[in-house]
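Engineer: Got a structure for you, questions after.
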Amino acid sequence: KLNPVSNLAWSTSADAKRLLAQSEEAIKDYDYAIRLNPKDDFARAGRGAANLDLGRYHDAVENCDQAILLNSKNDLAWSVRGDAKWRLGL
């Protein structure tokens, strides 16, 4: 509320919602964080994790691929992508 254009605030809100099993709402916040900062690899990886939670494995892989392109050292993106690919049998 204090800074509605802070992508970090939106990404942190999304992280909290994901931990509360509110993955649909988390994705909306991650989407907004990414609109504010398209180079935010952590928001993209978080969105991938939320999609993984919802069983949207192809979306999770795509989100994580985008995050890895932005930052090849993003451990969350690699982990979530691996889990999603395993669930897809890839």
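Every read-out reported here was derived from the displayed coordinates using simple, explicitly stated rules and does not represent laboratory data. Being a predicted model, the structure only gives us computed values, none of them experimental. Using ideal geometry, Cβ is built from the backbone for each residue, glycine included, and neighbour counts are taken over all protein chains shown.
Engineer: Identify the trypsin sites (Lys or Arg not before Pro) of segment 4-90 meeting these criteria: DSSP loop state and at most 15 other C-beta atoms within 10 Å of the C-beta. Mind showing how you got there, number by number?
Structural biologist: Numbers: sites: Lys17, Arg18, Lys28, Arg35, Lys39, Arg44, Arg47, Arg56, Lys73, Arg81, Lys85, Arg87; in loops: Lys39, Arg56, Lys73.
When the trypsin sites (Lys or Arg not before Pro) of segment 4-90 are filtered for loop state and at most 15 Cβ neighbours within 10 Å, Lys39, Lys73 remain.
Engineer: Here is a further query. Under 23 Å between C-alpha atoms is the cut-off here; go through the chain and count lysine pairs that meet it, provided they're at least eight residues apart or on different chains. Walk me through the numbers on the way to the answer.
Structural biologist: Details: Lys1/Lys17; Lys1/Lys28; Lys1/Lys39; Lys17/Lys28; Lys17/Lys39; Lys28/Lys39; Lys39/Lys73; Lys73/Lys85.
Step by step, the pairs that qualify in the chain add up to 8.
Engineer: Here's something else I'd like to know. Once you've got the GNM for the chain with C-alpha springs shorter than 10 Å, pick whichever of Asp15, Asp40, Asp75 has the biggest mean-square fluctuation.
Structural biologist: Asp75
Engineer: If I model a spin label as a point 7 Å beyond the Cα along the Cα-Cβ vector, how far apart are those points for Gln22 and Leu8 in nm?
Structural biologist: Output for this residue pair reads 2.2 nm.
Engineer: Please give the calculated 222 nm ellipticity per residue for the chain, where each DSSP H segment of at least 4 residues contributes -39500 (n - 2.57) and the sum is spread over every residue; nearest 500 deg cm²/dmol? Spell out each step's value before the answer.
Structural biologist: Values: 5 runs with 68 residues, N = 90.
Mean residue ellipticity, 222 nm, calculated: -24000 deg cm²/dmol.
Engineer: I would also like to ask the following. Taking the Cα atoms only, what angle lies between the long axis of helix 7-19 and the longest principal axis of the chain, rounded to 10 degrees?
Structural biologist: The angle comes out at about 50 degrees.
Engineer: If you don't mind, another one. Over the Cα atoms of the chain, compute the convex hull volume and normalise it per residue, giving Å³. Intermediate results must be reported in sequence, preceding the final value.
Structural biologist: Details: hull volume 7.0 nm³, N = 90.
Looking at the chain, the number lands at 77 Å³ per residue.
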